[in-house]
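Enquirer: Once you've had a glance at the structure underneath, I'll fire off some questions.
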Amino acid sequence: MRTHPASREPLLSRRNLLRGGAATAAGAGGALTIGGCGSAGGAGASDPMQFWQFYAPIDQQDPNLVAQNDWFLNVLKTWEDAGGRPVEPVYIPGYTDPTNTRLVTAFASGAGPDIFLISPGDFLRYYNGGVLVDLAPYMSQEAIDDFYPQALATRTVGDGIYGLPMEQEPLAIFYDVATFEEHGLSEGDLPTTWDEMLELGKRMTGGERAGLVLETLPGYYQNFTFYPWLWQAGGDVIDVESQRPVFDSEAGIQALQLFQDAITSGAAPRTRPANGDIVSALTGGYAAMWQGGIFDVEALRQNAPDYEYGVFSLPAPPGGEPVTTLGGWAWCVNARGRDPEAAAQLTVEVMGSMSQDSIDAGVQWNGVAKGNIPARTSVTEAIGDTGAFEELILQQFRDEILPTGRAEPRFPPVIYKAVSNAIQATQLGGADPAEEAATAQDAIESYLETYEGGPLL
């Protein structure tokens with residue numbers, strides 16, 4: 001079975017991994033009930049720590065997936081060979097898929113893993129649950145400063161650092177060069193405004209081909225793809241200064257209207273072609289433009305090396321500027337695991353020290369195995385234009401699209417769900433964007449009246 005490049009699980013993309021998982025496992029107040037959350041089964045000092053993630057160990061055929069599997073196994077073996085406490089990598093299929101609550105259930109029962117991966121969108125669930133180790137005391141100031149501020153921001157509270165990001169994953173629009181040429185279009189005709197994008201989407205829709213593909217399935221990933229359009233219009237969900245909701249605004253209504261207009265105008269389909277697989281959709285002639293991320297570049301290179309495509313920044317509304325959103329997964333340590341100190345030392349040694357081994361690990365992950373934007377300056381400099389970044393489109397992501405990026409929000413499940421409901425109701429349900437923006441605003445305001453936890457932004 002061919003895998004989707006975003007998560008590298010069999011037909012489970014990053015959007016699948018983030019699709020509503022937080023909402024299904026959260027309690028009525030949207031917070032994770034941690035309970036005891038102690039060490040797994042009272043494990044002894046000689047028992048291996050566990051690292052739960054969705055990369056290894058698993059047999060793969062796609063060379064890119066093999067490289068990612070091997071990367072994880074190699075860094076853990078290096079740690080053990082140097083005398084570190086043994087670590088058992090545990091592959092969790094589905095991971096944060098809403099039908100798989102294994103991670104949340106494990107924490108709630110006191111059997112959470114020692115190290116685990118989380119996205120920015122799920123950060124506050126675990127931070128507010130009190131299960132994350134502050135990694136800052138294990139790091140030098142030089143190493144902390146080596147991280148790009150926007151990459152680290154969603155994992156910090158005050159001076160505390162509660163997760164070390166592996167990567168950054170900006171979004172853009174991928175397009176099929178042949179379809180553009182078929183319509184007499186060239187690079188000079190790439191859309192720069194919302195209206196131009198929708199007009200081209202309508203123009204290139206025909207037969208089995210969708211002119212423009214936006215995410216239509218509800219979940220964290222759809223919200224992730226929605227935020228840039230909201231930001232471009234000058235809006236937000238939460239005001240960073242007041243920590244109060246501002247979704248019911250002209251910008252919020254405009255962004256919801258865009259997602260609705262894309263469907264009602266015929267520019268975009270109600271369901272994504274090729275079962276949501278960008279490689280099959282573009283190469284098979286089922287899509288002309290597709291909102292995707294840097295994680296799709298390596299999939300196209302591996303699975304369709306001769307296919308000709310391009311990318312461009314997300315178009316902006318009149319008077320707006322291009323903005324994208326930056327995701328990426330982070331290593332986090334369970335404060336109530338078998339050996340939090342050893343787990344923290346391992347996490348920092350691999351992901352957040354200024355040693356050559358740590359920088360090399362980042363180069364191998366971002367510049368070879370994954371083809372993502374690094375989260376650290378030293379790694380970016382070490383990669384340069386070598387390895388995967390010989391690919392010009394990756395350089396375009398790094399040099400042109402990344403600078404327009406904002407950190408992915410880390411909203412608790414209730415806030416995420418209010419926004420998700422508004423998107424779904426307007427995009428696919430035909431609801432009035434102004435009414436849905438107001439409904440979402442009311443839900444968020446009600447929730448925040450009793451919210452206690454980390455800052456929302």
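Enquirer: When you check A267 against the structure, is it in contact with a Lys or Arg (Cβ under 8 Å, 6 or more places away or on another chain) and either surrounded by fewer than 20 Cβ atoms within 10 Å (Cβ to Cβ) or not assigned by TED's automatic domain parsing to the domain that holds Q395 (or both), yes or no?
Expert: Considered against the rule, which asks whether it is in contact with a Lys or Arg (Cβ under 8 Å, 6 or more places away or on another chain) and either surrounded by fewer than 20 Cβ atoms within 10 Å (Cβ to Cβ) or not assigned by TED's automatic domain parsing to the domain that holds Q395 (or both), A267 comes out as yes.
Enquirer: I'd like the residue in segment 213-235 that is among the small types (G, A, S) and at pLDDT 95 or above and, out of all such residues, is surrounded by the most Cβ atoms within 10 Å (Cβ to Cβ).
Expert: Applying the filter and picking the extreme gives A233.
Enquirer: Just to check your reading of the model, which residue among A369, A361, A375, A344 is in the same structural domain as F123 (by TED's automatic domain parsing), more than 30 Å from I173 (Cα to Cα) and buried (at least 21 other Cβ atoms within 10 Å of the Cβ)? Spell out the reasoning first.
Expert: Values: A369 fails: more than 30 Å from I173 (Cα to Cα); A361 fails: more than 30 Å from I173 (Cα to Cα); A375 fails: more than 30 Å from I173 (Cα to Cα).
Criteria check complete, one pass: A344.
Enquirer: Only one of D189, D195, D134, D159 is surrounded by fewer than 21 Cβ atoms within 10 Å (Cβ to Cβ) and in contact with a His (Cβ under 9 Å, 6 or more places away or on another chain); which? I'd like the intermediate steps shown before the answer.
Expert: Numbers: D195 fails: in contact with a His (Cβ under 9 Å, 6 or more places away or on another chain); D134 fails: in contact with a His (Cβ under 9 Å, 6 or more places away or on another chain); D159 fails: in contact with a His (Cβ under 9 Å, 6 or more places away or on another chain).
Just a single option satisfies the conditions, and that option is D189.
Enquirer: In segment 109-153, how many are in a helix (DSSP H, G or I) and under 23 Å from Y451 (Cβ atoms)?
Expert: Qualifying residue count, segment 109-153: 10.
Enquirer: Of all residues in segment 304-344, count the ones that are under 25 Å from G163 (Cα atoms) and touching a strand residue (DSSP E or B) at 6+ places or on another chain (Cβ under 8 Å). Step through it out loud before you land on a result.
Expert: Residues of segment 304-344 that are under 25 Å from G163 (Cα atoms), as a first pass: 323-344.
If we keep only those that are touching a strand residue (DSSP E or B) at 6+ places or on another chain (Cβ under 8 Å) too, we end up with 323-335, 337-340, 342-344.
Of the residues in that region, 20 qualify.
Enquirer: From (1) modelled with pLDDT of 95 or more; (2) surrounded by 23 or more Cβ atoms within 10 Å (Cβ to Cβ); (3) touching a Gly at 6+ places or on another chain (Cβ under 6 Å); (4) over 19 Å from Y309 (Cα atoms), pick out the condition that doesn't hold for S249.
Expert: (2)
Enquirer: Hey, A210 hits all of (1) buried (at least 24 other Cβ atoms within 10 Å of the Cβ); (2) of a type in the set (A, V, I, L, M, F, W, C); (3) under 22 Å from the mean Cα position of the chain (by Cα) but one; which does it fall short on?
Expert: Every listed condition holds for A210 apart from (3).
Enquirer: I need the full set of residues from segment 63-98 which are touching a residue at least 24 places away in the same chain (Cβ under 8 Å) and either part of a loop (DSSP other than H, G, I, E, B) or not assigned by TED's automatic domain parsing to the domain that holds S358 (or both), in order please.
Expert: G84, R85, P86, I92, P93, G94, Y95, T96, D97, P98
Enquirer: When you check S119 against the structure, is it at pLDDT below 65 and among the hydroxyl-bearing types (S, T, Y), yes or no?
Expert: No, not satisfied.
Enquirer: Those residues that are part of a helix (DSSP H, G or I) and touching a Lys or Arg at 6+ places or on another chain (Cβ under 9 Å), I need them from segment 399-439; list them, please.
Expert: P413, Q427
Enquirer: Still on this structure, I have one more. When you scan segment 160-167, do you find a residue that is at pLDDT below 95 and outside the structural domain of W231 (by TED's automatic domain parsing), even just one?
Expert: No, segment 160-167 contains no residue that is at pLDDT below 95 and outside the structural domain of W231 (by TED's automatic domain parsing).
The values are calculated or read from the model by the stated rules, or taken from the named source; none is laboratory data. Please read these numbers as outputs of a predicted model, since none were measured by experiment. All Cβ positions, even for glycine, are placed from backbone atoms using ideal geometry, and neighbour counts span all protein chains on display.
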